[in-house]
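The following block contains the structure, expressed as structure tokens.
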There are 2 protein chains.
Amino acid sequence: MNRTRSNEPDSLENDMDFVTEPEKSPGTVSRRGLIGLVTTTVASAAVGIGGFAIGGQLAGAATADPSNAGSSGAAPGADIDLTADIVEFDGLHQAGIATPAQTNVLLTSYDVAQSASRADLAAVMKAWTQAARAMTAGDAVEAGPDISTGSRPANLTITVGVGAGLVQRLGAQRPRALVDLPAFTGDQLDPARSGGDIVVQMCSDDPLILANADRVITRRAENTLTVRWQEQGFGSTGARSDGRTGRNLMGQLDGTNNVTTSQLATSGPIWVDERDPGWMAGGTYLVVRRIRMLLGDWERQNTAHQERVIGRTKDTGAPLGGTMESDYVDLEARNADGSLTIPADSHVRLAKPSSSSENMMRRGYSYRGAVLSDGTVDQGLLFISFQKDPTTSFIPVQQRLAAHDALSEFTVTTGSALFAILPGTPTASDWLGSALFA
Amino acid sequence: MNRTRSNEPDSLENDMDFVTEPEKSPGTVSRRGLIGLVTTTVASAAVGIGGFAIGGQLAGAATADPSNAGSSGAAPGADIDLTADIVEFDGLHQAGIATPAQTNVLLTSYDVAQSASRADLAAVMKAWTQAARAMTAGDAVEAGPDISTGSRPANLTITVGVGAGLVQRLGAQRPRALVDLPAFTGDQLDPARSGGDIVVQMCSDDPLILANADRVITRRAENTLTVRWQEQGFGSTGARSDGRTGRNLMGQLDGTNNVTTSQLATSGPIWVDERDPGWMAGGTYLVVRRIRMLLGDWERQNTAHQERVIGRTKDTGAPLGGTMESDYVDLEARNADGSLTIPADSHVRLAKPSSSSENMMRRGYSYRGAVLSDGTVDQGLLFISFQKDPTTSFIPVQQRLAAHDALSEFTVTTGSALFAILPGTPTASDWLGSALFA
């Protein structure tokens, strides 16, 4: 039920799991951080908490917080309660990034109406902040659709970002890292599933909670924003409940060797640094890729071939040559005949960061779309990654993968977007985007 | 957390809840029946079990069944374990009908290829039976995609039915009740989302389990069947876990006053009787309606108006004039000014069965589809009902609703289908459709 992690994030395989420890802000300990840490100890007792200075405050804080009763009362190793928990909205960073990944996601990209003014947009951001703060705490919102009445937030998080177009329209400084994503070999992008001015990522363990939040958020932006695209995704309820790494639709464990809890406790791999403009301090960058899997072709390969394509065994998720999911990915290892144990064109080899600047926090979901004209179902992976600088991480890694990855034969990317994720709201009087609109 | 039921099923509002007690077959007690009953007592202690002759056998059977450890070990009133349970595949009736409704559904309608022979179709039915029996028990299937490796079935059920076209093609007797659904006022049906030769309803509390089962079932039919349409739906994790009635996307409690456990224990409202051909003995009929909700219009109505349209209060679900969800729906009640308490054009009034022959077992889900050209999201209700005779139940009730229901202004039905649901497999050597193909 529990699992260990190595310290080498090594792949683009998408995250279905529960890396926690959002922020360790100097001198303060947010309620969100405490809840996340409690959840971690419940889900994955093998991840030591001794390294956290806040460890001593854990028991008291969790017990004092009735919202967290679902997990705080559980013994280590017990299941996560998928309905009872609350993830704190306010913090230096937005929730839904370094907080544990819930079972369901709804990602909506909006375009700004031509007629919308700067004041209109600021009003939307303020209204969203207020509504998101209420809904994530389990409070009703005024003029809500009442879909969620009687239900708990089930770890609802609402995370907001902006596209390059909106930043320019606002006359704010465009961050160097907020580039237009280059064309990648093999992409078959649908413009209607790509890009956008504003993104909202909503995650919860209860899909009905997302349906309610989506109505609230979309309605609060009426006449100012229009929906450009929306993607819903899912993970495994069982894996989430157990704290296991979940599988993707190809059957591989997906999310192994993600950014580690100790890395998340620093500003290292995710949060922007002083090279970014001031309005991004505490923010990060979100890459979304809608990756259709050609499952018929994939499933015609035998397991041994699938494992060579991925570079990991299918059953355990261990790197080839290893025995456990958490084993070190040894790119130098060779078979008795001298061939590379982890093949040259395997996904794991090519995705493994060549340096720490390539690290990303993966937090993706499976998706299921429409029946296509050939009778197959459009389904696959919503690749979602957060990183401090996509120009040194996602982009070079994806260029490597697009050129050489054996897995590319079995996937088609049809949607793609890059957003700047706004800083969090350190206090309940702050609003998302306040620095951007200042 | 618990709720009571009256004995008056009264509406077409779709079922999001957990009416249990599948079958009470003469002289035998299926493992499925026992598990269902245990789940009932856990979820809804207010539903007495004293009336069941098998009550005395409960504790022993449940304890002896390791698959049911998740709920059998829980005290009455405790949460349902959404990941651990197994619903028995074999039985006089198929599972997924009178067994508790899981959080997720995947409904797939297939067309039979022109080239497919009777033998091809029988081979598919045998392969499906074998695969479904294995997957619902948590066993791996040969040449599976391995998406679900390491996860529990999470109450997976797989339920198979046939359309009128296939029955005629096979030269079997077409049941009188397997009609072509008439046109209903207001329907805007998309043929590509309607009808079909074969339907498979798969339900589970873990969407990844459904993804795996879908691949297995679809692949076992390759070259014989093609996917015509597929719909995925969701309920509330929280309501499911608590044993509460869930809400639909309009915010109303949906599934109140469904067919009761005592009715389900008889052949009454669901299972066909001797008027049906022999190949249907133990079967039922499935109606699927894809009902888009015009949520923008709906949400512009104030709560009082919404309640008059539905005929129930939004918060509690009580019928107008009542105080509790389970209160009797009194169609004669009048306000002080002499007007009807439950308005003449309210949904509840029109949907209430005028006689027991109109009873249906509702088992629907919310759905979320594509972004439409007007920028709204195609979302609403997958109405799913099971009934012994749609010509005396669904069809007359829907005609009444289509003509007069105040709710119609806020919905558009875009998909519609009627299927004959095959009898169950009483023993593990039987296969679905064996009588149809005999």
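The values are calculated or read from the model by the stated rules, or taken from the named source; none is laboratory data. Here the structure is a predicted model, which is why all the values come from computation and not from measurement. No Cβ is skipped: glycine too gets one built from the backbone with ideal geometry, and neighbour counts run over all protein chains shown. Accessible surface areas use protein heavy atoms only, side chains included; no ligands, DNA or RNA. Shrake-Rupley method; radii C 1.70, N 1.55, O 1.52, S 1.80 Å.
Taking the range A:370-382 on its own, how many of its residues are surrounded by fewer than 24 Cβ atoms within 10 Å (Cβ to Cβ), more than 10 Å from chain B (Cβ to nearest Cβ) and hydrophobic (A, V, I, L, M, F, W, C)?
Of the residues in the range A:370-382, 1 are surrounded by fewer than 24 Cβ atoms within 10 Å (Cβ to Cβ), more than 10 Å from chain B (Cβ to nearest Cβ) and hydrophobic (A, V, I, L, M, F, W, C).
Looking at (1) farther than 30 Å from B:Asp81 by Cβ; (2) in contact with a helix residue (DSSP H, G or I) (Cβ under 8 Å, 6 or more places away or on another chain); (3) more than 14 Å from chain B (Cβ to nearest Cβ); (4) surrounded by fewer than 23 Cβ atoms within 10 Å (Cβ to Cβ), which is the only condition A:Ser117 fails?
(2)
Just a yes or no: is a residue in the range A:343-358 in contact (Cβ under 8 Å) with a residue 24 or more places away in the chain, farther than 29 Å from B:Ile217 by Cβ, touching a strand residue (DSSP E or B) at 6+ places or on another chain (Cβ under 9 Å) and open to solvent by 20 Å² or more (accessible area, probe 1.4 Å)?
Scanning the range A:343-358 turns up at least one residue that is in contact (Cβ under 8 Å) with a residue 24 or more places away in the chain, farther than 29 Å from B:Ile217 by Cβ, touching a strand residue (DSSP E or B) at 6+ places or on another chain (Cβ under 9 Å) and open to solvent by 20 Å² or more (accessible area, probe 1.4 Å).
Looking at A:Ser408, A:Ser416, A:Ser429, A:Ser385, which is the one that is open to solvent by 40 Å² or more (accessible area, probe 1.4 Å), among the hydroxyl-bearing types (Ser, Thr, Tyr) and either part of a helix (DSSP H, G or I) or touching a Lys or Arg at 6+ places or on another chain (Cβ under 6 Å) (or both)?
Testing whether each residue is open to solvent by 40 Å² or more (accessible area, probe 1.4 Å), among the hydroxyl-bearing types (Ser, Thr, Tyr) and either part of a helix (DSSP H, G or I) or touching a Lys or Arg at 6+ places or on another chain (Cβ under 6 Å) (or both) leaves just A:Ser408.
While we're on this one: Starting from the range B:311-331, keep only residues that are at positive phi, then list their pairs with residues that are aromatic (Phe, Trp, Tyr) and open to solvent by less than 20 Å² (accessible area, probe 1.4 Å) whose Cβ atoms are within a distance under 8 Å, requiring at least 6 positions of separation or different chains.
Once the first residue is at positive phi and sits in the range B:311-331, no partner that is aromatic (Phe, Trp, Tyr) and open to solvent by less than 20 Å² (accessible area, probe 1.4 Å) comes close enough.
Please state which one of B:Leu208, B:Leu189 is crowded, with 21+ Cβ neighbours inside 10 Å and in contact with a strand residue (DSSP E or B) (Cβ under 7 Å, 6 or more places away or on another chain).
On inspection, the qualifying residue turns out to be B:Leu208.
Identify the single condition in (1) facing chain B (nearest Cβ under 9 Å); (2) more than 30 Å from B:Trp298 (Cα to Cα); (3) modelled with pLDDT of 95 or more; (4) over 16 Å from the mean Cα position of the chain (by Cα) that A:Asp276 does not satisfy, given that it satisfies every other one.
That leaves (1) as the condition not met.
Sticking with this structure for a sec: When the residues of the range A:328-360 are filtered to those that are of a type in the set (A, V, I, L, M, F, W, C) and in a loop (DSSP other than H, G, I, E, B), which remaining residue is farthest from A:Ile395 (Cα to Cα)?
Ranking the qualifying residues of the range A:328-360, first place goes to A:Ala336.
Something else: Would you mind finding the one in B:Arg308, B:Arg300, B:Arg292, B:Arg244 that is crowded, with 21+ Cβ neighbours inside 10 Å and either in contact with a Gly (Cβ under 6 Å, 6 or more places away or on another chain) or at pLDDT 95 or above (or both)?
B:Arg292
With (1) modelled with pLDDT under 95; (2) in a helix (DSSP H, G or I); (3) among the polar types (S, T, N, Q) as the list, and B:Thr83 as the residue in question, which single condition is left unmet?
(2)
Just one of the numbered conditions (1) over 25 Å from A:Val87 (Cα atoms); (2) within 14 Å of chain B (Cβ to nearest Cβ) is not true of A:Tyr367; which one?
Every condition holds for A:Tyr367 apart from (1).
Which members of the range A:152-165 meet the condition of being more than 14 Å from every other protein chain (Cβ to nearest Cβ), crowded, with 21+ Cβ neighbours inside 10 Å and among the aliphatic types (A, V, I, L, M)?
Kept after step one, since they are more than 14 Å from every other protein chain (Cβ to nearest Cβ), are these residues of the range A:152-165: A:157-165.
Add one more test, that the residue is crowded, with 21+ Cβ neighbours inside 10 Å, and what stays is A:157-163.
If the condition is that a residue be more than 14 Å from every other protein chain (Cβ to nearest Cβ), crowded, with 21+ Cβ neighbours inside 10 Å and among the aliphatic types (A, V, I, L, M), then A:Ile158, A:Val160, A:Val162 are the ones that fit.
Quick one: which residue in A:Ala239, A:Ala183, A:Ala213 is in contact (Cβ under 8 Å) with a residue 60 or more places away in the chain and either more than 8 Å from chain B (Cβ to nearest Cβ) or of a type in the set (S, T, N, Q) (or both)? Before you say what the answer is, go through the steps one by one.
Working: A:Ala239 fails: either more than 8 Å from chain B (Cβ to nearest Cβ) or of a type in the set (S, T, N, Q) (or both); A:Ala183 fails: in contact (Cβ under 8 Å) with a residue 60 or more places away in the chain.
None of the other options fit; the residue is A:Ala213.
Return the residue satisfying two criteria in turn: it lies in the range B:220-229 and is within 7 Å of another protein chain (Cβ to nearest Cβ) and touching a helix residue (DSSP H, G or I) at 6+ places or on another chain (Cβ under 8 Å), and of such residues it is nearest to B:Asp139 (Cα to Cα).
Result: B:Val227.
Here's another thing I want to ask about it. If the requirement is being away from chain B (no Cβ under 14 Å) and either open to solvent by 30 Å² or more (accessible area, probe 1.4 Å) or within 19 Å of A:Gly278 (Cα to Cα) (or both), which of these qualifies: A:Ala127, A:Ala140, A:Ala123? Quick ask: steps written out before the conclusion?
Details: A:Ala127 fails: either open to solvent by 30 Å² or more (accessible area, probe 1.4 Å) or within 19 Å of A:Gly278 (Cα to Cα) (or both); A:Ala140 fails: away from chain B (no Cβ under 14 Å).
When all the criteria are applied, what remains is A:Ala123.
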